[in-house]
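Read the structure below first, then the notes.
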Amino acid sequence: MNFGYREVCLDHDTGPRHPESPDRLRAIRRALKEHHGVEYVAASDVDVDLVTEVHGADYIDEFRAFCEEGGGNWDADTVAVEATWDAALAAAGLAVWAAESALAGDDGRDTPFALGRPPGHHAVGDDAMGFCFINNVAVAAQAALEADAERVAVFDWDVHHGNGTQDIFYDRSDVFYASIHEDGLYPGTGDVDETGTGDAEGTNLNVKYKPGADTADYLAAIDECLAPAIRDYDPDLLLISAGFDAHEHDPISRMRVSTEGYGAMTDRVRTLADACGADLGFVLEGGYGLDTLADSLTTVHEVFDGYQPMEPDDEVSDDARDVLDRLADQGFGSK
């Protein structure tokens, strides 16, 4: 794969006990050293005018001023320093690079993956939250729409619901947003009956699983609900909000996705993109166990380098089946 990366993203210093630390990128880079076919691209900063296509200009001005004044605690979870502004512009620029690179034909072993931080999917149109300041994947989707794409799909497999991405596109039919996330976890959004509004009705899909959902449950959501819905939507670009905190050993969630499971999900989305004739790109979100984050992300890379992940032997759980049946009743997939 081709990985977008900028050293300035390490300068976003969240402090010694914050889970979203620069060590996340360092762990990924160390792990990728052991794998062949890895290429790095230092993409340019995002254009602030593009950012204000998805975020309010007043909010972006406030964020910039907050950093220029030395930063601090934006809220209880979301921390900035002076360098956070530059890191956020770089992270969003890397996401835009992933979208534009995919649209330009980079696929297979050249599939783009943006390794930026701070992450983005909790940032709403007019506020920062949940470690996020600029919604990187939303800015990338907007860039794609202003280029060659008519429709973009975003699949968010981070364990937390991407409330910001949903909020930004909830009434827009040119972006389909889908998420698999843990019920009861921050930020508490993403109910299955949130399906979009107005002309965008049916372009928002939430698979809200109870704690303990495993790889088989995630793959069933993709096979039965997400893949049919995205095929029907027929996007030009599929972007993955790739968080790795649903891992069975991640310290801040209770889901049970295995490292091999991330490989299986990667194989699914690659097949889905091919079936839609859509280009494919990845944007890093969460993942807070350094070893599991690095191992899972390198498994994603290995799938594009020829590795065939093993399928789980487990049956879909009863709790997951109840959620999938509810979604089928709403027209997402079939029983």
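Numbers below:
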item	result
Residue within the range 236-249 that is over 20 Å from LEU284 (Cα atoms) and surrounded by fewer than 24 Cβ atoms within 10 Å (Cβ to Cβ) present	yes
Subset of the range 110-167 (residues that are among the small types (Gly, Ala, Ser), without any contact (Cβ under 8 Å) to a residue 60 or more places away in the chain and on the phi < 0 side of the Ramachandran plot)	ALA147, GLY164
Filter result (touching a Phe, Trp or Tyr at 6+ places or on another chain (Cβ under 8 Å) and open to solvent by 30 Å² or more (accessible area, probe 1.4 Å)) within the range 195-218	THR197
Set ASP110, ASP106: member being in contact with a Pro (Cβ under 6 Å, 6 or more places away or on another chain), under 28 Å from HIS301 (Cβ atoms) and surrounded by fewer than 24 Cβ atoms within 10 Å (Cβ to Cβ)	ASP106
Qualifying position, being over 19 Å from THR14 (Cβ atoms), open to solvent by 10 Å² or more (accessible area, probe 1.4 Å) and either at pLDDT below 95 or more than 20 Å from the chain's Cα centre (by Cα) (or both), among ALA65, ALA83, ALA76	ALA65
One residue from THR266, THR271 being farther than 21 Å from LEU327 by Cβ and either in a helix (DSSP H, G or I) or hydrophobic (A, V, I, L, M, F, W, C) (or both)	THR266
Some residue of the range 44-61 being on the phi > 0 side of the Ramachandran plot and not polar (S, T, N, Q)	no
Qualifying strands (runs of 3 or more DSSP E) (wholly inside the range 113-224; at least 1 residues being at pLDDT 95 or above and hydroxyl-bearing (Ser, Thr, Tyr))	175-182, 204-209
Those residues of the range 280-308 which are open to solvent by less than 10 Å² (accessible area, probe 1.4 Å) and not in a helix (DSSP H, G or I), in sequence order	GLY281, PHE282, VAL283, LEU284, GLU285, GLY286, GLY287
Flag for ARG24 being open to solvent by 40 Å² or more (accessible area, probe 1.4 Å), in a helix (DSSP H, G or I), in contact (Cβ under 8 Å) with a residue 12 or more places away in the chain and not hydrophobic (A, V, I, L, M, F, W, C)	no
Residues that are of a type outside the set (A, V, I, L, M, F, W, C), over 20 Å from ARG6 (Cα atoms) and assigned to a loop (DSSP other than H, G, I, E, B), drawn from the range 37-87	THR52, GLU53, HIS55, GLY56, GLU69, GLY70, GLY71, ASP75, ASP77, THR78
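The values are calculated or read from the model by the stated rules, or taken from the named source; none is laboratory data. Here the structure is a predicted model, which is why all the values come from computation and not from measurement. Reconstructed Cβ throughout: ideal geometry from the backbone, glycine too, with neighbour counts over all protein chains shown. Remember, those area values only see protein heavy atoms, side chains included, never the ligands or the DNA or RNA. Shrake-Rupley method; radii C 1.70, N 1.55, O 1.52, S 1.80 Å.
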